[in-house]
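Structure record follows, encoded as structure tokens.
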Amino acid sequence: MTVSSDPLTPDIGARRPFDIAAIRRDFPILRRRIEGEPLVYLDSAASSQRPVQVLAELTRFYRDHNANVHRGVHTLSVEATELYEGVREKVRALIGGASEREIIFTSGTTASINLVAHGWARARLGPGDEVVISEIEHHSNIVPWQMLRDDRGVVLRVIPMSPDGTLDLDAARAVIGPRTRLLAITQVSNALGTVVPVRELADLAHDAGALVLVDGAQSVPHMPVDVNELGADLLAFSAHKMLGPTGVGVLWGRMEVLESMRPLMGGGDMILTVSLERSTWNEIPHRFEAGTPNFADVVAFGTAIDYLRALGLDAVRRHELDLIDHGLAVLGDVPGLTLHGPRDAHRRGGVFSFSLEGVHPHDVGQLLNSQGVAVRAGHHCAQPVMESLGVAATTRASVYLYNTRSELDALSEALRRTARFFGDAGS
Ligand code: PMP
């Protein structure tokens with residue numbers, strides 16, 4: 001099968017070495033103006049933008065190859081199946097898994113974590129067994145475990161965060177112990193940007209005989225992640241935060257862990273045989289993908305992975321570290337601004353969560369929007385973090401591979417104007 005390339009879509013390979021001007025040209029939305037100002041998009045932790053290559057692949061798939069996947073005898077279905085299944089290998093190569101059969105497509109990180117909570121943990125854990133999470137988790141890595149606790153009597157234990165938003169290894173040692181069955185931990189906090197020492201925590205968990213589930217929603221898009229180096233047994237992440245379409249996520253798991261997991265949903269595609277009395281499951285990963293999968297978006301996700309790998313995740317991380325350094329400097333100069341999270345750039349992802357004295361975070365967000373700057377305001381689905389900081393909400397600016405130092409300068413300038421506006425209004 002040949003997939004013809006579109007002459008109007010720039011070749012992904014030409015982005016190396018990291019050419020920020022060329023990269024930005026791949027994202028037409030970055031040319032938009034908001035309220036008459038050039039858009040400064042600083043909300044990629046919530047969802048990234050998509051390059052033309054991904055948009056073109058989506059169109060090309062629907063235009064040239066569209067048909068339902070699996071067991072189709074006709075050409076289009078065979079092509080669609082090959083394209084869909086081919087993305088498993090791209091994901092495997094991205095994260096260093098042992099086999100593409102270990103890649104399960106879900107609708108996102110949330111669905112992936114819930115699959116582990118209700119497909120693996122519900123059947124295997126009972127009263128007295130402990131699941132360890134941390135205080136800096138996203139709600140999607142808290143609530144499923146609370147459901148399990150309430151239904152199954154599983155004990156939920158929490159590694160507390162230090163005032164700077166980091167996780168203390170000694171505190172972790174006090175929480176992870178002989179009853180721990182699962183450590184479910186984020187690699188990068190979406191609310192604070194903290195990079196968590198997952199390997200050290202995973203070693204503690206493994207020494208205790210527990211499995212390790214890593215929430216990679218904020219790490220896999222931004223830095224090289226290798227499941228072996230990380231010491232993960234399971235890894236969850238979302239396509240929409242890494243240049244791919246919405247509605248696609250991944251659960252990777254070591255094969256023997258996946259073999260001990262039950263499917264959550266029954267239906268077409270996940271079975272081998274069905275009689276009115278009983279059914280047998282299809283092989284892994286198909287047994288976890290009941291119903292028609294989101295095949296077109298998965299195919300376009302493959303192009304997003306091609307894009308990231310062509311740039312190199314190490315180059316993406318280097319670019320972001322430069323932005324983090326610069327962001328720490330220019331935000332540090334804004335009067336009345338308190339930046340939350342670690343001081344050290346190397347312990348941070350590209351997330352700046354802050355409070356501006358005397359101004360509600362939502363007002364900050366709105367005033368920034370009126371100056372073209374798109375940020376998020378709220379609890380960022382991490383209410384325990386907000387509680388620990390003693391705030392109801394923060395304003396969050398987050399960067400990705402297409403952002404520039406001058407955009408962070410624009411943020412800093414817009415914040416100064418915002419502070420002046422509220423200062424004047426209050427005086
Ligand atoms: N975990 C983290 C750390 C996140 O940042 C997010 C998304 N904000 C999620 C989980 C949930 O991802 P999704 O909404 O794509 O399922």
Rounded to whole Hz and in sequence order, give me ³J(HN,Hα) for region 311-327 from the Karplus expression 6.51 cos²θ - 1.76 cosθ + 1.60, θ = phi - 60°, writing x for Gly and Pro. 6, x, 5, 5, 5, 4, 4, 4, 4, 5, 4, 4, 5, 5, 3, 5, x
Across all Cα atoms of the chain, Rg and the largest Cα-Cα distance (Dmax), in Å, are 22.3, 76
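Quick check on the exposure proxy: order 289, 283, 57 from fewest to most C-beta atoms within 10 angstrom. Working shown, then result.
Values: 289 22, 283 9, 57 27.
Least to most surrounded, the residues fall as 283, 289, 57.
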Name the residue farthest towards the positive end of the dipole of the chain from the options 298, 98, 121, assuming +1 on Cβ of Lys and Arg, -1 on Cβ of Asp and Glu, about the Cα centre. 298
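If region 285-355 were replaced by its equivalent ellipsoid, with semi-axes equal to the square roots of 5 times the Cα gyration tensor eigenvalues, what would those be, largest first, whole Å? Present the calculation step by step, with values, prior to reporting the outcome.
Details: eigenvalues 271, 54, 21 Å².
Listed largest to smallest, the semi-axes of region 285-355 are 37, 16, 10 Å.
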Among beta bridges assigned by DSSP with both residues in the chain, the antiparallel ones amount in percent, to the nearest 5, to 60 percent
Just how far, in whole angstrom, is region 230-245 from region 362-412 if you go by their alpha carbon centroids? 23 Å
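Give me 252, 281 sorted ascending by neighbouring Cβ count inside 10 Å, so fewest comes first. Write out the running numbers ahead of the final one.
Values: 252 29, 281 15.
The order, fewest Cβ neighbours first, is 281, 252.
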Find the centroid of the Cα atoms in region 103-117 and in region 33-68, then give the distance between the two in whole Å. 23 Å
Report the charge-dipole magnitude of the chain in Debye, nearest 20, computed about the Cα centre from +1 at each Lys and Arg Cβ and -1 at each Asp and Glu Cβ. 380 debye
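Taking the number of other C-beta atoms within 10 Å as the exposure measure, put 44, 275 in order starting with the fewest.
On the way: 44 24, 275 7.
Least to most surrounded, the residues fall as 275, 44.
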Grab the DSSP H runs of the chain that are 4 residues or longer, score each as -39,500 (n - 2.57), total them, divide by all residues and round the 222 nm result to the nearest 500 deg cm²/dmol. -11000 deg cm²/dmol
One checks the Cα atoms of region 298-427 and finds Rg and Dmax, in Å, of 16.0, 56
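Read-outs throughout are calculated quantities, based only on the coordinates presented, and are distinct from any laboratory measurement. None of these values were measured; they are calculated from a predicted model. Glycine also receives a Cβ, built like all others from the backbone with ideal geometry; neighbour counts cover every protein chain displayed.
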